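The values are calculated or read from the model by the stated rules, or taken from the named source; none is laboratory data. Every value quoted in this text rests on a predicted model; they were computed, and no experiment measured them. Don't worry about glycine lacking a Cβ; one is built from the backbone with ideal geometry, like all the others, and counts go over all protein chains shown.
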Amino acid sequence: MAKRLLISLFALATCLLKTGAQTVVVADAETRQPVAHASLYTKDDGRFLSCISDLEGRATVNFSFRRLTVSHLNYERTVFRHLQDTLWLKPKYRSTAEVVVTNKEPEWIRRKLKATARQKGLHYFTCDDSMTFSYDTQSMGCNHIYRYHLTGLMRTKSTLHKHYALRADSSLIVASDSTRLTDTANLQRMLYEDFMLEFDNGFISSHKWGENPDFAGRSRDEVELLFRSKHRTDDRGRIVIDTTRCVILEASRQTGTRTNRHERMSAVLYAMARAMSGYRVNTWTRDYHVRYTERPDGTLYPAEVRYKTYIDTSDNEVTKEQQEFSEQTGGGFPNMEATLHLCPADTAAKAPAELTTEWLDLYPGWYLRLSSETERQRDIQMSNLPASFTIFNE
């Protein structure tokens with residue numbers, strides 16, 4: 001079967017900040033640190049206008065507005081009527097200070113982490129279960145905004161099922177134009193880039209670990225551990241671990257361009273893409289958070305997942321095939337964020353008429369790959385789920 005080199009759709013849609021007008025800084029109201037890749041936007045006379053803050057929190061607003069909305073996955077959405085030098089955002093979630101991990105690592109930490117990795121098959125992804133889910137994603141371009149809300153039933157990855165699968169209940173697109181299709185790409189990434197799926201001895205040994213002494217858990221057994229990569233400065237995060245049961249209850253990880261290219265993209269395919277079309281990844285950040293909840297049988301599932309990614313790429317030549325595939329799947333954006341909530345459910349509580357007639361398998365998300373025609377058609381199918389549509393009017 002013929003294989004094609006495909007670049008992930010959102011990587012083709014790059015938004016560059018323009019000069020002029022007024023430059024402001026978006027910052028965290030509590031930590032006073034800059035907020036990278038926040039979306040600043042307005043709708044004026046039917047036109048959607050926006051810009052995105054850079055890694056230092058700077059954003060250039062080169063358009064007039066009556067109401068300027070500033071949003072970011074980890075912060076309360078805030079409306080400004082006048083520009084200030086600094087636009088302060090209130091965090092939605094408890095924040096952890098900048099990760100500081102000393103070279104003196106207590107011996108017990110690595111022992112507990114290895115026990116957690118060794119036993120994770122008993123605690124995670126073993127229960128064959130159907131759950132209700134709610135998925136929301138927002139993507140932003142220079143002149144477009146896209147939001148998608150999807151609910152229904154999800155069949156979890158388990159010892160019986162290699163893949164997640166969904167049956168849709170409600171599906172709603174809110175966008176600045178009527179050309180957008182359904183987008184489950186971030187949903188697939190959140191599920192298959194789950195922290196516990198990737199947590200193993202290799203991950204443990206490649207990071208330095210330290211305890212946060214200021215953390216107050218729900219019990220004495222709960223400890224917050226901070227980590228950072230031994231090899232790359234753009235990889236850091238935190239976990240909350242139950243040290244008695246050896247299970248991870250929460251995890252957050254922030255990664256930058258070097259780490260994401262190393263872990264999420266084949267070096268061989270990336271070299272091929274650069275040679276064929278000049279494709280280059282300039283900036284790629286990823287912010288991932290997960291909270292696990294326990295079932296009555298003691299196994300855990302990802303009850304809440306938050307995911308944000310920003311990718312800035314350049315490509316000298318977009319092929320006709322890539323353009324056609326982009327049109328069939330709705331295109332893409334550089335600045336994306338999504339949330340997922342899962343909750344155990346009784347499938348009998350849902351009337352068959354409220355759901356799609358069959359399960360639709362979800363496969364791992366991708367960024368750069370060799371694609372067969374079967375895989376292309378599968379992506380097109382997920383981009384054309386039945387959905388209601390409304391024009392963005394905020």
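Considering each residue of the stretch 367-384, count those that are more than 13 Å from residue 273 (Cβ to Cβ), touching a residue at least 60 places away in the same chain (Cβ under 8 Å) and surrounded by 16 or more Cβ atoms within 10 Å (Cβ to Cβ), and give that number.
Taking the stretch 367-384 as the starting set, the residues that turn out to be more than 13 Å from residue 273 (Cβ to Cβ) are 372-384.
Still in the list and also touching a residue at least 60 places away in the same chain (Cβ under 8 Å): 372-374, 376, 382-384.
From the residues that got through so far, the ones that are surrounded by 16 or more Cβ atoms within 10 Å (Cβ to Cβ) too are 376, 382-383.
Residues that pass the stated criteria total 3.
Just a yes or no: is a residue in the stretch 272-286 within 23 Å of the chain's Cα centre (by Cα), crowded, with 20+ Cβ neighbours inside 10 Å, of a type in the set (D, E, K, R) and modelled with pLDDT of 90 or more?
Yes, some residue in the stretch 272-286 is within 23 Å of the chain's Cα centre (by Cα), crowded, with 20+ Cβ neighbours inside 10 Å, of a type in the set (D, E, K, R) and modelled with pLDDT of 90 or more.
Inside the stretch 169-198, can you point out the residues that are among the hydrophobic types (A, V, I, L, M, F, W, C), outside any helix (DSSP H, G or I) and surrounded by fewer than 19 Cβ atoms within 10 Å (Cβ to Cβ)?
Here is the first cut: in the stretch 169-198, the ones among the hydrophobic types (A, V, I, L, M, F, W, C) are 172-175, 181, 185, 187, 190-191, 195-197.
Restricting the remaining residues to those that are outside any helix (DSSP H, G or I) gives 172-175, 181.
Residues satisfying the conditions are 172, 174.
For the stretch 345-389, how many residues meet the condition of being farther than 18 Å from residue 154 by Cα and at pLDDT 90 or above?
2
Please work out which residue is nearest to residue 257 (Cα to Cα), limiting yourself to the stretch 22-50 and to residues that are without any contact (Cβ under 8 Å) to a residue 24 or more places away in the chain and acidic (Asp, Glu).
44
Would you mind stating whether residue 297 is farther than 23 Å from residue 111 by Cβ and either crowded, with 21+ Cβ neighbours inside 10 Å or touching a residue at least 60 places away in the same chain (Cβ under 8 Å) (or both)?
Values: farther than 23 Å from residue 111 by Cβ: yes; either crowded, with 21+ Cβ neighbours inside 10 Å or touching a residue at least 60 places away in the same chain (Cβ under 8 Å) (or both): yes.
Answer is yes for this residue.
Quick check on my filter: what residues within the stretch 171-202 are without any contact (Cβ under 8 Å) to a residue 60 or more places away in the chain and either small (Gly, Ala, Ser) or in contact with a Leu (Cβ under 9 Å, 6 or more places away or on another chain) (or both)?
Within the stretch 171-202, 202 is the sole residue that qualifies.
Has the stretch 140-153 got any residue that is modelled with pLDDT of 90 or more, under 30 Å from residue 227 (Cβ atoms), assigned by TED's automatic domain parsing to the domain that holds residue 236 and touching a strand residue (DSSP E or B) at 6+ places or on another chain (Cβ under 8 Å)?
Looking for residues that are modelled with pLDDT of 90 or more, under 30 Å from residue 227 (Cβ atoms), assigned by TED's automatic domain parsing to the domain that holds residue 236 and touching a strand residue (DSSP E or B) at 6+ places or on another chain (Cβ under 8 Å), one finds none in the stretch 140-153, hence no.
Collect the residues in the stretch 69-93 that are of a type outside the set (A, V, I, L, M, F, W, C), closer than 16 Å to residue 30 by Cβ and touching a residue at least 24 places away in the same chain (Cβ under 8 Å), keeping them in residue-number order. Write out each step before concluding.
As a first pass, look at the stretch 69-93 and keep what is of a type outside the set (A, V, I, L, M, F, W, C): 69, 71-72, 74-78, 81-82, 84-86, 90-93.
Narrowing further to those that are closer than 16 Å to residue 30 by Cβ: 72, 74-76, 78, 86, 90-93.
The answer is 72, 74, 75, 86, 90, 91, 93.
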